[in-house]
Structure formats: C-alpha cells, structure tokens
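S.K.: What follows is a structure written as structure tokens; I'll ask about it next.
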Amino acid sequence: MLAKSNASQQRAVQASRKITDAQLGVHQNLERLVVKHFTTSFQKPIAQHTQDAFDAIKKQVATSLAKGHTLIFDSCCGTAMSTGIIAQQNPQALVVGIDRSAVRLSKEYNKSKPNNVLLVQAECADFWSLAVAEGWKLEKHYILYPNPYPKSKHLKRRWHGHAAFPLLFSLGGELELRSNWSVYVNEFCLALKIVVDKNLVEKSNGEPRVQTVEPVTPLTLFEKKYQQSGQSLYRCKFRL
C-alpha cells in the first residue's frame, strides 16, 4: 500500500462517517423477499464481460482443484488488498478476488500479489451463477464491507435481499460478511436464519449470529479507515 502523509491520513479518518438513515432496524419485508428468492430461480442474463472473465480463468481454476487445492472467493474485493492477505493466510487455496471496477483492481500494489491470487473484473451475482453452473464449491467466501445501500427502499440491492442470495448456499463454504452498519449484518444473519428455519435448503450447520470485529490488522482499506475513526465493526460468519 502506498504511504500517505499525516495530513491525508487525518482527512481519511475525518471522512469516515457512520451510516445514518431512516431505517433503524431490520426491514419489515425481509422474510417475504428471502422466501420469494428461494422459491424462484435467478434469471438475470449474464453480462458479457463477466462471461469473458469467467471463461478466462475457468481452466486455471479446474487445474487447481484437480491438484487438491481449495477455492476461496473474495467478492466485492475493491482494491483487492483483502484478496492478497487472504491468499497469504491460505496458501493451500486459490483465492479469486471479484470486483466490478477495473480501476480498483488496477491499483499499483496488486502487481505484487501472491501467486495463488486471481483477480477478475465481473459482476459478482453473474460470476456466482456461472460458478454454481460449473459445479465449483468454496472452502471460504468473504464479502467485506459491501455497499450498504442504507435507504429502506434499496433492500433488494443488499446481498441478503438480492435475487442472487440463494447462490451463496449453492457455492457453500464458510461465509463471512463484515460491515460497519449493524443493521446490514443483523439483516444478513436473520436472512440466513430464515433460510435455515424454513428448511429452504437441504442442510445447514450451526446458527448465524452477529459478532464484533476484533481490532486486528485490517483486511481492507475501508476496515482500516473505520478502525482509525473508532467505529464499531460487525461480522456474520456461517458455514453454508
């Protein structure tokens, strides 16, 4: 990561504001929406650039899996700082960082990423759909600080309210979501619990719950900024 001056670091901390919105608790339509998405199929056409990105790495992933390596997704990876750290922590795995922004993925420090990292510019929901169709199964899946879409009318844009939510269960693995907005993590955990309690999937393990993120080495630039500004950070971990 490129070094910042003290002045620029201070501005970054000051710019880190807590999320405020009229929606103070779990959305009243969450359960209805989750059940709807689990009783219908994800029909969105695959974006061509995502199909191309998937095709470009499909053979490499298949080769890695054939050698006994595990597969980890770092979805919405942004600048892919987290992807590199996760890869260093899991040398036995191939770690795929997925983000829709070519600009974020082209940051200078990504040129020295570990050998077990693949970065792809793609729409996450489309990429997940292609991975499920290909039969890929994950060891772990990280969704770190996604856009919270805090306005109540935007519930369908949050991952637990999105039509692609069932794909997370199809991919499997240990899922970890982090956010600085407790409402998002509470909703995400509740959505997982709804799926389990209503037997919308064949099998599940444990019970999702909200935890606070311990003040350790940050995985993302957002996490670093939030920690420096003293914000509480939350996560939900669940084995799908």
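The values are calculated or read from the model by the stated rules, or taken from the named source; none is laboratory data. A quick note: this is a predicted structure, and the numbers were derived from the prediction, not measured. Note: ideal-geometry Cβ built from the backbone for every residue, glycine included; neighbour counts use all protein chains shown.
S.K.: Against the definition (at pLDDT 95 or above, assigned to a strand (DSSP E or B), over 19 Å from Tyr234 (Cα atoms) and over 15 Å from the mean Cα position of the chain (by Cα)), how does Leu130 come out, yes or no? Give the derivation first.
M.R.: Working: at pLDDT 95 or above: yes; assigned to a strand (DSSP E or B): no; over 19 Å from Tyr234 (Cα atoms): yes; over 15 Å from the mean Cα position of the chain (by Cα): yes.
It is false that Leu130 is at pLDDT 95 or above, assigned to a strand (DSSP E or B), over 19 Å from Tyr234 (Cα atoms) and over 15 Å from the mean Cα position of the chain (by Cα).
S.K.: How many of the residues in region 204-215 are under 19 Å from Glu31 (Cα atoms), out of contact with any strand residue (DSSP E or B) (no Cβ under 6 Å at 6 or more places or on another chain), in a loop (DSSP other than H, G, I, E, B) and of a type outside the set (Asp, Glu)? Talk me through it step by step, then tell me what you get.
M.R.: Of region 204-215, the ones under 19 Å from Glu31 (Cα atoms) are 204, 207-210.
Next, from what is left, pick out any that are out of contact with any strand residue (DSSP E or B) (no Cβ under 6 Å at 6 or more places or on another chain): 204, 207, 209.
So of that shortlist, the ones also in a loop (DSSP other than H, G, I, E, B) come out as 204, 207.
Keeping just the survivors that are of a type outside the set (Asp, Glu) gives 204.
Adding up the residues that qualify gives 1.
S.K.: Here are Leu168, Leu192, Leu177, Leu221: which of them is over 26 Å from Gly25 (Cβ atoms), among the aliphatic types (A, V, I, L, M) and in contact (Cβ under 8 Å) with a residue 40 or more places away in the chain?
M.R.: Numbers: Leu168 fails: over 26 Å from Gly25 (Cβ atoms); Leu192 fails: over 26 Å from Gly25 (Cβ atoms); Leu177 fails: over 26 Å from Gly25 (Cβ atoms).
After applying the criteria, what remains is Leu221.
S.K.: Let me ask another. Quick test for you: out of Phe238, Phe222, pick the one residue that is surrounded by 20 or more Cβ atoms within 10 Å (Cβ to Cβ) and in a helix (DSSP H, G or I).
M.R.: Working: Phe238 fails: in a helix (DSSP H, G or I).
Phe222 is the lone residue from the list that is surrounded by 20 or more Cβ atoms within 10 Å (Cβ to Cβ) and in a helix (DSSP H, G or I).
S.K.: Something else about it: If I ask for residues that are closer than 30 Å to Gln43 by Cα, surrounded by fewer than 19 Cβ atoms within 10 Å (Cβ to Cβ) and hydroxyl-bearing (Ser, Thr, Tyr), which ones from region 91-130 would you list?
M.R.: Across region 91-130, the qualifying residue is only Ser101.
S.K.: Restricting attention to region 167-203, which residues are assigned to a helix (DSSP H, G or I), more than 19 Å from Phe42 (Cβ to Cβ) and out of contact with any helix residue (DSSP H, G or I) (no Cβ under 6 Å at 6 or more places or on another chain)? Give the derivation first.
M.R.: Taking region 167-203 as the starting set, the residues that turn out to be assigned to a helix (DSSP H, G or I) are 167-171, 182-197.
Add one more test, that the residue is more than 19 Å from Phe42 (Cβ to Cβ), and what stays is 182-187, 189-190, 193, 196-197.
Result: Ser182, Val183, Tyr184, Val185, Asn186, Cys189, Leu190, Lys193, Val196, Asp197.
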